[in-house]
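Okay, so here's the structure we're looking at.
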């Protein structure tokens with residue numbers, strides 16, 4: 001767990017500011033380097049990629065298990081928005097909100113043809129038991145991974 005450089009208080013990974021003294025916990029002028037962990041630093045990109053990989057695996061499992069028509073799209077939209085929220089908080093701090101996450105997904109342009117098209121295809125795969133569900137899980141994981149990579153690039157482009 002990282003510690004505040006000003007007061008020494010332990011700070012959770014996802015927090016950009018110390019809860020005790022209010023100091024920024026990101027290393028100033030580090031070119032995207034985030035919190036210090038036992039003498040080492042971990043970049044915002046590396047932290048974000050860990051979230052993306054976790055969400056891609058989870059999304060694949062959720063999509064494969066969601067066999068009721070319509071359930072896949074609703075579950076994945078929620079999962080994708082939450083992933084963007086976590087990445088946004090890594091790059092922008094705790095003030096990054098759910099509303100901001102929805103706006104960033106739209107700004108990244110991913111929810112257009114590709115996002116909608118993949119969700120329609122996944123819903124159609126519900127009609128092919130077992131094999132279709134497995135394929136749907138793979139598609140979902142790939143789409144979430146791609147969305148995560150686009151969101152990371154988006155945040156890096158505005159920093």
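How much length, in nm to one decimal, is gained on full extension between residue 78 and residue 10, taken as 0.36 nm per residue of separation minus their Cα-Cα distance?
Details: separation 68, 0.36 × 68 = 24.48 nm, distance 3.03 nm.
Using 0.36 nm per residue and subtracting the Cα-Cα distance, I get 21.4 nm.
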Residue 98/residue 156 FRET efficiency (R0 25 Å; Cβ-Cβ; nearest 0.05): 0.70
Quick one: work out Rg over Rh on the C-alpha atoms of the range 51-108, Rh as Kirkwood radius. 1.03
When the Kirkwood hydrodynamic radius is evaluated over all pairs of different C-alpha atoms of the range 41-159, what value in angstrom, to one decimal, is obtained? 14.3 Å
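What does the extension gain come out to for residue 146 and residue 116, with contour length at 0.36 nm per residue minus their alpha carbon separation? Let's see the in-between values first.
Numbers: separation 30, 0.36 × 30 = 10.80 nm, distance 1.40 nm.
Stretched fully, the residue 146-residue 116 segment lengthens by 9.4 nm.
Read-outs: derived from the displayed coordinates by stated rules, not from any lab. Treat the numbers as computed from the prediction; the structure is a model and nothing was measured. Quick reminder, even Gly has a Cβ in these numbers, built from the backbone with ideal geometry, and neighbours come from all protein chains shown.
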